[in-house]
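Have a look at the structure below, then the notes.
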Amino acid sequence: MLDKITKLSHEFGTPEYVKGGGGNSSVKDKATLWIKPSGTTLAELTKDLFVAIDRSKIARLYAVKPPEDPAAREALIKDMMMESMYPYSSGRPSVETPLHDSFNAIFVVHTHPPLVNGMTCAKNGAEVCKKLFPEALWVDYIDPGYTLSIIVRNKLKEFEIRHGHEPEMVFIENHGVFVAGNTVESVRKTYKTIMSRLRKEYKKDKVSATLETGLAPSPAAKDEMGNLLKRLMGIEASAVCASGWFKVSQGPLSTDHVVFMKSYPLMVEPSTKTVAAFKSANGYFPRVISVSGAVFTTGVNEKNAELAMQFAKDGALVEQLAEAFGGVKYMSEKSKTFLENWEVEAYRQKVALGQA
Ligand SMILES: [Zn+2]
């Protein structure tokens, strides 16, 4: 089973499905759930990395009344998940562990494909989903972590009562998709169905499924901008990535986008004045800078800046695709604020793990 889920994780660990450490996968039997640890990528998973969870212990989590305060709630849930790990296991289980556990299906693969998020981040997403995927469960945006897990768990149970079986595909607004199946073949088949129906729809609406970018700036122009950004932002712009121009996303799209590129880009030429104004308005330095003819991303190191660029491009593609379904729909101010605070912890973990 671990060999199978490892292979499946690699298949869906490509940029078509996830960027950075996004997405997760699991396999289960009656007693145990093996899940991808937090901070590892699907592509780099090996079978010894899976975290083994005692399902009878994780079940206790569904019964507790969690604290109102989001930080206290997430801390409690994290502790309970850690306690559910078998003593021989190491790593930190994904925050979505209870959600994976809630599916009856043996294999669960969760990803954030831009092709899917063109629908989940669109104004008409719910409506389109109903039409294109009548067999699926659609879930309106929910803050990630414990809340997401519990609400989706309840919706899964409701679906099962109504339809006599659980859904094989669950679309989550401004987030991505969960695919569940009892065999690896059924997971593959469901993903194929999802991607091909969406591709067909984008084609019909004449929306390109690839992101075109302008000519990359010259090395001299990149260096010049790099030096300027370093001067304006210090260590947060230790590394800079450059790309030819593309239309960047201009609001909070999904959890991963907010974590890796923040909610808003800087849309004017960077200067002492514009960067300071941006920081006082948003509380952080810009990670994505869109100027005439180019897009730059910043980071505390090369990997960090590179990830911000990957997500900037992913977000731009998502917005382009969302045009097929009524245009982009950003997350609410409240959800964005939750993420920006929650992200601190997630981000620290990623840094600690060398993933940022
Ligand atoms: Zn996710």
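The values are calculated or read from the model by the stated rules, or taken from the named source; none is laboratory data. No experiment lies behind these values; they were computed from the predicted model shown. Heads up, the Cβs are rebuilt from the backbone with ideal geometry, glycines too, and the neighbour counts pull from every protein chain shown.
Observations
- Scanning region 234-260 for residues that are of a type outside the set (S, T, N, Q) and within 16 Å of the ligand (Cβ to nearest atom), we see that the one that is farthest from L317 (Cα to Cα) is V259.
- Number of residues in region 230-243 that are more than 24 Å from G327 (Cβ to Cβ) and not in a helix (DSSP H, G or I): the value is 5.
- Residue in region 295-312 that is at pLDDT 95 or above, out of contact with any strand residue (DSSP E or B) (no Cβ under 6 Å at 6 or more places or on another chain) and either within 25 Å of A221 (Cα to Cα) or crowded, with 21+ Cβ neighbours inside 10 Å (or both) present: yes
- Residue in region 23-50 that is farthest from the chain's Cα centre (by Cα), counting only those that are crowded, with 23+ Cβ neighbours inside 10 Å and small (G, A, S): S26
- Restricting region 137-168 to residues that are touching a Phe, Trp or Tyr at 6+ places or on another chain (Cβ under 6 Å) and of a type in the set (A, V, I, L, M, F, W, C), the residue that is farthest from V108 (Cα to Cα): W138
- Of everything in region 1-15 that is assigned to a helix (DSSP H, G or I) and of a type outside the set (A, V, I, L, M), the residue that is surrounded by the most Cβ atoms within 10 Å (Cβ to Cβ) is S9.
- Search result, residues across region 254-276 that are among the hydrophobic types (A, V, I, L, M, F, W, C) and assigned to a loop (DSSP other than H, G, I, E, B): M267, V268
- Residues considered: F107, F103, F159, F133. Of these, the only one that is in contact with a Leu (Cβ under 6 Å, 6 or more places away or on another chain), more than 12 Å from the ligand (Cβ to nearest atom) and of a type in the set (F, W, Y) is F159.
- Residue match in region 286-299 (condition: touching a helix residue (DSSP H, G or I) at 6+ places or on another chain (Cβ under 6 Å), touching a residue at least 40 places away in the same chain (Cβ under 8 Å) and farther than 19 Å from R231 by Cα): no
- Residue within region 4-12 that is without any contact (Cβ under 8 Å) to a residue 60 or more places away in the chain and more than 25 Å from A305 (Cβ to Cβ) present: yes
- Test result for S89, part of a helix (DSSP H, G or I), of a type in the set (S, T, N, Q) and either on the phi < 0 side of the Ramachandran plot or within 16 Å of the ligand (Cβ to nearest atom) (or both): no
- Close pairs (8 angstrom Cβ cut-off, 6 or more residues apart or separate chains): more than 23 Å from D143 (Cα to Cα) in region 71-95, of a type in the set (S, T, Y) and in a strand (DSSP E or B) anywhere: Y86/T32
- Checking K279 against (1) loosely packed, with under 14 Cβ neighbours inside 10 Å; (2) under 23 Å from Y330 (Cβ atoms); (3) basic (K, R), the condition it does not meet: (1)
- Qualifying positions in region 166-217 - away from the ligand (no atom under 16 Å from the Cβ) and of a type in the set (S, T, N, Q): N182, T183, S186, T190, T193, S196, S208, T210, T213
- Members of region 228-270 found to be over 17 Å from V328 (Cα atoms), crowded, with 23+ Cβ neighbours inside 10 Å and touching a Leu at 6+ places or on another chain (Cβ under 6 Å), listed by number: A237, V240, F260
- Selection from region 7-30 of residues that are more than 16 Å from the ligand (Cβ to nearest atom) and in contact with a helix residue (DSSP H, G or I) (Cβ under 6 Å, 6 or more places away or on another chain): L8, V27
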